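Enquirer: Structure incoming, see below.
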Amino acid sequence: MKNGDKVEVLPNDEDPDGEPWHMILRRNDKDLLAAREEFWEKVWWNRHMIWLEKLANGEEKLKESQKTIFATARKAARRIERKYGKKNLGWDTFDWGMVNGKLSALNWVLGDEWDFLDT
């Protein structure tokens, strides 16, 4: 529906020519999707920072085949930093665990199978 509610439209058994019933399945779908996008971007940014750290300390080396991916990822990381502010992205391990958990929960609410959640 326009307000973001997800509904199932059911026929009106009492009056077949009357208005159908709108059974609410989930409220505020737009808000849930926006929150999932935010958490996904923040989790992705954190994983990108871990990759940068591994490259910087020599734990990993950038392969030739990864250079294009790396350039695209740097642009995406900058976009996320501009969107949320770099101060709002650097957290400790506990906070990152909470964000990952929230992302998993939102994915489950939005229909992903629990066994396949990978955040």
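Enquirer: Suppose we filter the stretch 60-114 for residues that are among the charged types (D, E, K, R) and under 17 Å from the mean Cα position of the chain (by Cα); how many remain?
Expert: Matching residues across the stretch 60-114 total 7.
Enquirer: Only one residue in LYS63, LYS83, LYS67, LYS75 is without any contact (Cβ under 8 Å) to a residue 12 or more places away in the chain, of a type in the set (D, E, K, R) and either touching a Lys or Arg at 6+ places or on another chain (Cβ under 7 Å) or closer than 16 Å to MET49 by Cβ (or both). Which one?
Expert: Working: LYS63 fails: either touching a Lys or Arg at 6+ places or on another chain (Cβ under 7 Å) or closer than 16 Å to MET49 by Cβ (or both); LYS83 fails: without any contact (Cβ under 8 Å) to a residue 12 or more places away in the chain; LYS67 fails: either touching a Lys or Arg at 6+ places or on another chain (Cβ under 7 Å) or closer than 16 Å to MET49 by Cβ (or both).
After applying the criteria, what remains is LYS75.
Enquirer: Taking only the stretch 21-36 into account, find how many residues are in contact with a Leu (Cβ under 6 Å, 6 or more places away or on another chain) and either in a loop (DSSP other than H, G, I, E, B) or more than 30 Å from TYR84 (Cβ to Cβ) (or both).
Expert: Final tally of qualifying residues: 2.
Enquirer: For ASN12, state whether it is surrounded by 14 or more Cβ atoms within 10 Å (Cβ to Cβ) and over 19 Å from LEU110 (Cβ atoms).
Expert: On the way: surrounded by 14 or more Cβ atoms within 10 Å (Cβ to Cβ): no; over 19 Å from LEU110 (Cβ atoms): yes.
Judged against the criteria, ASN12 is not a match.
Enquirer: Report, by residue number, each residue of the stretch 37-73 that is within 22 Å of LYS86 (Cβ to Cβ), polar (S, T, N, Q) and surrounded by 10 or more Cβ atoms within 10 Å (Cβ to Cβ).
Expert: Matches in the stretch 37-73: ASN46, THR72.
Values quoted throughout were computed directly from the atomic coordinates according to the rules given, and no laboratory measurement underlies them. From a predicted model like this one, the values you see are computed outputs, not experimental measurements. A quick note on method: Cβ atoms are made from the backbone with ideal geometry, for glycine too, and the neighbour counts reach across all protein chains shown.
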